[in-house]
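*Asks:* Quick one: this structure, given as structure tokens, is what I'll be asking you about.
The values are calculated or read from the model by the stated rules, or taken from the named source; none is laboratory data. All figures in this text were calculated on a predicted structure; none of them were measured in a lab. All Cβ positions, even for glycine, are placed from backbone atoms using ideal geometry, and neighbour counts span all protein chains on display.
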Amino acid sequence: MRYPAGKLKTREQIARIADQLHGEGKTIVHTNGCFDVLHIGHIKSLNEARAQGDVLVVSLNSDESVRRLKGFSRPVFPEEERAVVLGALECVDYVVIFGEDRPDENIKAIRPTVHAKGGDYTSDSLPEAPLVKSLGGRIHILAFHDGRSTTSVIQKMREEEAK
């Protein structure tokens, strides 16, 4: 499978890229998630995140991580496909898959200027906020798109299928 314009990077590769970008004075924005079934809420959030800086890095939960967080029936699409879909978006500069439940190791590698996360969080409830702040970054809470969650989309599809 080909990845758009070399956007998929390993943690080691993105650390080197981030060092270079920091040296150039670029604002690196980071966000993370499962991005299992991409929907309009994701697109709006990713575009809003990208507007916060010069480069957007998306940390994508691996298949195993998604299963631990969301249950055995997830992800709907494997990580390679989810990475390709994210990489095809103009607003996304890099995609980094991670296997942990939280993106802390990617955050340490990237040292984002801005960490953007969905509006279902607050700066105080975001588990990775202290790490981001300790690395000199700030938190940006993205607009909340009510009713636009992957879980609700999948539930609606299941209800329609059961009819």
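*Asks:* Just to be sure before I move on: is residue 116 outside any loop (DSSP other than H, G, I, E, B) and touching a His at 6+ places or on another chain (Cβ under 6 Å) in the structure I sent? Talk me through it step by step, then tell me what you get.
*Replies:* Numbers: outside any loop (DSSP other than H, G, I, E, B): yes; touching a His at 6+ places or on another chain (Cβ under 6 Å): yes.
So residue 116 passes the test.
*Asks:* Of all residues in segment 29-59, which are β-branched (Val, Ile, Thr), out of contact with any Asp or Glu (no Cβ under 7 Å at 6 or more places or on another chain) and buried (at least 23 other Cβ atoms within 10 Å of the Cβ)?
*Replies:* Of all residues in segment 29-59, those β-branched (Val, Ile, Thr) come to 29, 31, 37, 40, 43, 55, 57-58.
Narrowing further to those that are out of contact with any Asp or Glu (no Cβ under 7 Å at 6 or more places or on another chain): 29, 31, 37, 40, 43, 58.
Hits for segment 29-59 are 29, 31, 58.
*Asks:* Check 89, 126, 69 and return the single one that is in contact with a Cys (Cβ under 8 Å, 6 or more places away or on another chain) and either acidic (Asp, Glu) or under 24 Å from residue 43 (Cβ atoms) (or both).
*Replies:* 69
*Asks:* Would you confirm whether or not segment 84-91 contains a residue that is surrounded by 14 or more Cβ atoms within 10 Å (Cβ to Cβ) and in contact with a Ser or Thr (Cβ under 8 Å, 6 or more places away or on another chain)?
*Replies:* No, that holds for no residue.
*Asks:* Now, a different point. Can you tell me which residue is modelled with the highest pLDDT among those in segment 119-143 that are in a loop (DSSP other than H, G, I, E, B), surrounded by fewer than 13 Cβ atoms within 10 Å (Cβ to Cβ) and not acidic (Asp, Glu)?
*Replies:* 136
*Asks:* Further question on the same structure: If a residue has to be surrounded by 13 or more Cβ atoms within 10 Å (Cβ to Cβ) and outside any helix (DSSP H, G or I) to count, how many in segment 5-25 make the cut?
*Replies:* 3
*Asks:* Return the pair list, or none, for Cβ contacts closer than 7 Å from residues in segment 17-45 that are at positive phi to residues that are hydrophobic (A, V, I, L, M, F, W, C) and modelled with pLDDT of 95 or more, at least 6 apart or on different chains.
*Replies:* 35/60; 35/86
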